[in-house]
1. For each of I112, I131, I185, I72, count neighbouring Cβ atoms within 10 Å of the residue's Cβ, then give the residues from fewest to most.
2. Test of understanding: ordering S74, S42, S154 by Cβ neighbours within 10 Å, fewest first, what list do you get?
3. Rg/Rh for the stretch 39-193 to two decimals, with Rh computed the Kirkwood way over all alpha-carbon pairs.
4. Explain nothing, just the number: dipole magnitude of the stretch 39-193 about its Cα centre with +1 on each Lys and Arg Cβ and -1 on each Asp and Glu Cβ, in debye rounded to the nearest 20.
5. Based only on other Cβ atoms within 10 Å, what is the fewest-to-most ordering of F157, F176?
6. At 0.36 nm per residue, minus the direct Cα-Cα distance, what do W33 and Q183 gain on full extension? Give it in nm, one decimal, please.
7. Assuming R0 = 30 Å, can you tell me the calculated FRET efficiency for the pair F67 and L148, based on Cβ-Cβ distance, to the nearest 0.05?
Amino acid sequence: MTQRRRRWLLRGLVAVVLFVVVVVGGVFPILTWYYPLRYWESVERHAGLHQVDPLLVAAVMRVESSFDRYAISSKGARGLMQLMPETAVWAAERMGLQGFRVEHLFDPEVNIAIGVWYLASLRDQFGGDLILALAAYNGGQANVTRWLRENAWSGEFETVDDIPFPETRGYVRKVFTAYQWYQLIYRHPWRRFLPWG
């Protein structure tokens, strides 16, 4: 191999290494900032109790409240997982949470516990289907059941545009997209080769 060819190959190798460092090293810190894992210990604990993927819970919290524990929606949903007070009271009774009051929804531990339980119960009601569970989390279990019964929506992500409520349609898209990003960032096999993986 000639000296000139060796230099050319070395420059090419340096360019590839720089590309990987700049693109991968620059993009992933941004992605982990944009898709953070906040309140992770509570999320993992409660997700584990109910066999819910903790990354799905993170996606729900990101879309629902942007991880603002004091968030209140225009409709009155509260906390990290944006639980309606009536739903939270109902869920707390079924969970056996003693002394629950609506203001406890601003406590991350309580909000996550109830939110994960509720998400898991919706998943179970819909035979393990996460898309249906997400639609019900936002649009209500009775509405989703009616849409399926009346063939207004097939229940599949590919037909999400058929969901009658625009807010629920957007919600399912946002959470499912965030969930895919969370899986890509935190679970993809090539992460083990990165210095922060």
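A short reminder: the numbers here are calculations on the coordinates, not readings from a lab. Since this is a predicted model, take the numbers as computed values, not measurements. FYI the Cβ positions are ideal-geometry reconstructions off the backbone, even for glycines, and counts take in every protein chain you see.
1. Numbers: I112 24, I131 21, I185 18, I72 14.
Result, fewest neighbours first: I72, I185, I131, I112.
2. On the way: S74 5, S42 20, S154 13.
If I rank by nearby Cβ atoms, fewest first, I get S74, S154, S42.
3. Values: Rg = 15.3 Å, Rh = 15.9 Å.
Radius of gyration over Kirkwood radius for the stretch 39-193 works out to 0.97.
4. Roughly 260 debye, rounded to the nearest 20.
5. F157, F176
6. Details: separation 150, 0.36 × 150 = 54.00 nm, distance 1.46 nm.
Taking 0.36 nm per residue and subtracting the Cα distance, the gain is 52.5 nm.
7. Numbers: r = 32 Å, r/R0 = 1.06.
Efficiency, rounded to the nearest 0.05: 0.40.
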